[in-house]
Amino acid sequence: MDEQPGASAAGRPLDPRAELSRFLRSRRARLKPEDVGLPAFGRHRRVPGLRREELAQLAGVSVAYYTRLEQGNGRNVSAEVLDSIARALRLTDAEHAHLTHLAKPKSHQKKPAARQQQVRSSLRQLLDTLDGVPAYIGGRRTEILAWNRMAAALFGDWGRLPPAERNWARLVFLHAEYRDLFVDWEQKAIDVVCGLRMNAGCYPDDPRLSALVGELSVKSEEFRRLWATHDVKEKNHGVKRLHHPLVGDLSLNFESFRLTDDSDQSLLTYHAEPGSPSAESLRLLASWGTDATTAVPSP
């Protein structure tokens, strides 16, 4: 593992140069020569995945140039070169965006300093109108900013938590009851860490995000393991399977809608296939009213 647990525990900013270096090495290590049409000469390779010279060849840059970039010296790299490297590494769109944020080419505008997030009153009203549909507003650092009654019935009464604890990363890694709630807890944990990685690339100077990463690194071995993979992705829709203490198993479709006036906030909704057992379970959960919000034990 190439990261010190708790390195950001005091809120020290993440080092974009170190993050860039580790990210590029991790993406290069996952590729084999045969994956990119190169001959695999020799049985014994001293490094996992592609060598630097192989990657440089694929990207059309000099070995010295790529080596400097992988050492974190990407301050003046152009967007065109990053595009070539992203193609050579076969990065996803989310990984490509993360690389761009870390390398900060001249054509990329630096994001403003992280600020306290506020949810518009009209959005809170919208959540309340989504009767029967669990919905909430998620923010930067995997924060849970606002939610409706059905979200509380499904996931637990977040209103009973201090604001700092209304955070998916803390809930998933530090509270055992959420291991029982999510049928595929490992996948939920991966999604949370991937989202934090994306945010860290956008806001490396955010002390609250750095402190969160440091806290989780100290308190959770599983978080340290997943954080060290340097994986990033955006998951805007899919299926989530839950085991609720009141209504049992549910299979729910989720959708995430990024807000146009604040790209760091998203509206997330959950719904069941019409006529399915999960739809009936959601209706049953809604009928419990406020009593359902205490079914998932609060941390």
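Coordinate-derived values only; no laboratory data. From a predicted model like this one, the values you see are computed outputs, not experimental measurements. Positions of Cβ are generated from backbone atoms using ideal geometry, with glycine treated the same way; all protein chains shown enter the neighbour counts.
Computed quantities for the displayed model
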quantity	calculated
Selected from Pro33, Pro134, Pro162 as most flexible by GNM, with the chain as the system and alpha-carbon contacts under 10 Å	Pro162
Asp128 paired with Arg179, simple spin-label distance in nm, labels 7 Å along Cα-to-beta-carbon	3.8 nm
Difference of contour (0.36 nm per residue) and Cα-Cα distance, Ser84 to Asp261	60.6 nm
Sum of -39500 (n - 2.57) over DSSP H runs of 4+, divided by residues of the chain (222 nm, nearest 500)	-12500 deg cm²/dmol
Point-to-point label distance, Glu34-Arg17, nm (Cα→Cβ direction, 7 Å offset)	3.9 nm
Pairwise label distance in nanometres, Val218 with Asn73, each label 7 Å out on the Cα-Cβ vector	3.5 nm
